[in-house]
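Down below is the structure, laid out as structure tokens.
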Amino acid sequence: MVKERARILVVGGGYVGMYTALRLQQRLKQELRRGEAEITVVTPDPYMTYQPFLPEAAAGAISPRHVVVPLRRVLDQCRVIVGEATAVDHARRTATVTTLATEEGGGAEELTYDELVLAPGSVSRTLPIPGLVDYGIGFKTVEEAIGLRNHVIEQMDIASSTRDPEIRDAALTFVFVGGGYAGVEALGELEDMACYATRYYRTIQPADMKWILVEASDRILPEVGEEMGRYTVTELRRRNIQVLLHTRLESCADRVAVLSDGQRFPTRTLVWTAGVKPHPLLAATGLPRDERGRLRCTAQLTVDGTEHAWAAGDAAAVPDVTAAEPGRDTAPNAQHAVRQARVLADNIAHALRGEPLQTYAHKYAGSVASLGLHKGVAQVYGRKLKGYPAWFMHRAYHLSRVPTVNRKARVLAEWTLAGLFKREIVSLGSLEHPRAEFELAAGGKHPLDPNINPKESS
């Protein structure tokens, strides 16, 4: 039994937030039933996004609704608040939360807690590049993934219906900035989908499209090792994808991507996946942070020097006790986040019961990455795989890790059906502005720009 009634506040509904709350439901089942504990989850979205499936969702291999896990269904013993934590006063044990009702004049809500779990995750790291805010497309949420799919197909529609060579060239040029998981997998899946789609366009051939990957460092996919990174570059270039290393994006103003090596690419598609940064909330907590803005944590996943505060995942700098070199932190990836969440929840239960805490220790097992249908790279426990075996391992691993049996079954069913039937190649860009047609019919203007086609998403 816990020593006293505990109010646990979990900020964030991603990997760490959801898995921590789910584990706490199991560990504190009796306490929750007796009213000795309560768990509140504050999250901007009512679902957890399984991000490794975003590239396949963008390519149409998985339905968007099967990439997300509804929190209220999974966390049935928790109170789920859809909103944003804007500030934390840990000395008073309070958090300020804004919700959808706040926009209607309801005012911000102040939540009190006894134990705080900070897992707001990260946000896209952008740079002051001219035109990036106006024309850049992110790839971190399911909405962005589906929007990008619609956008790519719409560019093919534009190219097939114009006689202007400049418009056609810009529509068929796709620039991706960032050679990490998100950039490489999104590029690989979308290029594969677009090449398949050309069979339905009489005036477009795969060779007409330009796919460009821009990376500032000397390698891509550093997680899979140097050798597999070089193989990935070779594989992408074999597919006529330009991989530009040691290259930076200088500007994308006026829909022209200007690179540091002097090349210029008129393009209507610029996808920005060049890293992430800690969530801005961390700066409003007053808790100790490292030079990168992450919370300083101990190996027990407590915030360093602070009682009753816990953190893990992208928001936390957690010491890697398995590393050969002292002072290293665990990598900010899903593999560590899921395991850290389990230990974090167990340690909260231990702390409430006056028991000793566990130390988080997990040796990195390896990485897998998909480069399109039946293509991939992997390095697992020192073994290197490429091509079909790596792609199959990528799917098998993530199928085993996606939460709930319901999601596993649905994803497996979709993969099976996709193997039996042809791809669905259709843009539903009008879903992003569902009232546009009605407003125009009623004599109004398009919500974004009266000159924009209401069926076009970009």
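Values as computed for the structure displayed
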| quantity | calculated |
| --- | --- |
| Neighbours by Cβ (under 6 Å, 6+ apart or cross-chain): first from the range 320-349, open to solvent by 40 Å² or more (accessible area, probe 1.4 Å); second small (Gly, Ala, Ser) and part of a loop (DSSP other than H, G, I, E, B) | Val321/Ala299; Val321/Ala361; Thr322/Ala361 |
| Test: residue in the range 199-215 that is within 26 Å of the chain's Cα centre (by Cα), assigned to a helix (DSSP H, G or I) and of a type outside the set (Asp, Glu) | no |
| Strands (runs of 3 or more DSSP E) within the range 219-263 that include 1 or more residues over 23 Å from Arg125 (Cα atoms), among the polar types (S, T, N, Q) and open to solvent by 60 Å² or more (accessible area, probe 1.4 Å) | 241-244 |
| Per-region count, the range 276-313, residues out of contact with any helix residue (DSSP H, G or I) (no Cβ under 7 Å at 6 or more places or on another chain) and buried (at least 16 other Cβ atoms within 10 Å of the Cβ) | 14 |
| Tabulated pairs, the range 121-147, first closer than 15 Å to His279 by Cβ and touching a residue at least 60 places away in the same chain (Cβ under 8 Å), second open to solvent by 80 Å² or more (accessible area, probe 1.4 Å) and part of a loop (DSSP other than H, G, I, E, B), C-beta under 7 angstrom, 6+ apart or interchain | none |
| Complete set of residues in the range 394-409 that are under 16 Å from Tyr19 (Cβ atoms) and surrounded by 13 or more Cβ atoms within 10 Å (Cβ to Cβ) | His398, Arg401, Val402, Pro403, Thr404, Arg407, Lys408 |
| Ala186 being in contact with a helix residue (DSSP H, G or I) (Cβ under 7 Å, 6 or more places away or on another chain) and either in a strand (DSSP E or B) or within 30 Å of Arg163 (Cβ to Cβ) (or both) | no |
| From Glu84, Glu38, residue being outside any helix (DSSP H, G or I), at pLDDT 90 or above and over 27 Å from the mean Cα position of the chain (by Cα) | Glu38 |
| Identity of the residue in the range 87-123, closer than 13 Å to Gly17 by Cα and in a strand (DSSP E or B), that ends up most open to solvent (accessible area, probe 1.4 Å) | Ser122 |
| Among residues of the range 187-218, those that are surrounded by fewer than 24 Cβ atoms within 10 Å (Cβ to Cβ), more than 17 Å from Ala171 (Cα to Cα) and of a type in the set (A, V, I, L, M), counted | 1 |
| Every pair of residues 6+ apart whose Cβ atoms lie under 7 Å, when the first sits in the range 399-415 and is of a type in the set (S, T, N, Q) while the second is open to solvent by less than 50 Å² (accessible area, probe 1.4 Å) | Thr404/Val69; Thr404/Val74 |
| The range 203-242: number of residues that are closer than 30 Å to Ser161 by Cβ and of a type in the set (A, V, I, L, M) | 8 |
| Residue count for the range 1-35, restricted to those that are closer than 17 Å to Pro70 by Cβ and either among the hydrophobic types (A, V, I, L, M, F, W, C) or part of a loop (DSSP other than H, G, I, E, B) (or both) | 7 |
| Residue list for the range 151-183, restricted to those being in a helix (DSSP H, G or I) and open to solvent by 10 Å² or more (accessible area, probe 1.4 Å) | Glu154, Asp157, Ile158, Ser160, Pro165, Glu166, Ile167, Arg168, Asp169, Ala170, Tyr181, Ala182 |
| In the range 54-81, residue nearest to His394 (Cα to Cα) [restricted to those that are open to solvent by 60 Å² or more (accessible area, probe 1.4 Å) and in a helix (DSSP H, G or I)] | Arg65 |
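The values are calculated or read from the model by the stated rules, or taken from the named source; none is laboratory data. These numbers were taken from a predicted model, which means no experiment stands behind them. No Cβ is skipped: glycine too gets one built from the backbone with ideal geometry, and neighbour counts run over all protein chains shown. All accessible areas refer to the heavy atoms of the entire protein, side chains included, with ligands and DNA or RNA removed. Shrake-Rupley method; radii C 1.70, N 1.55, O 1.52, S 1.80 Å.
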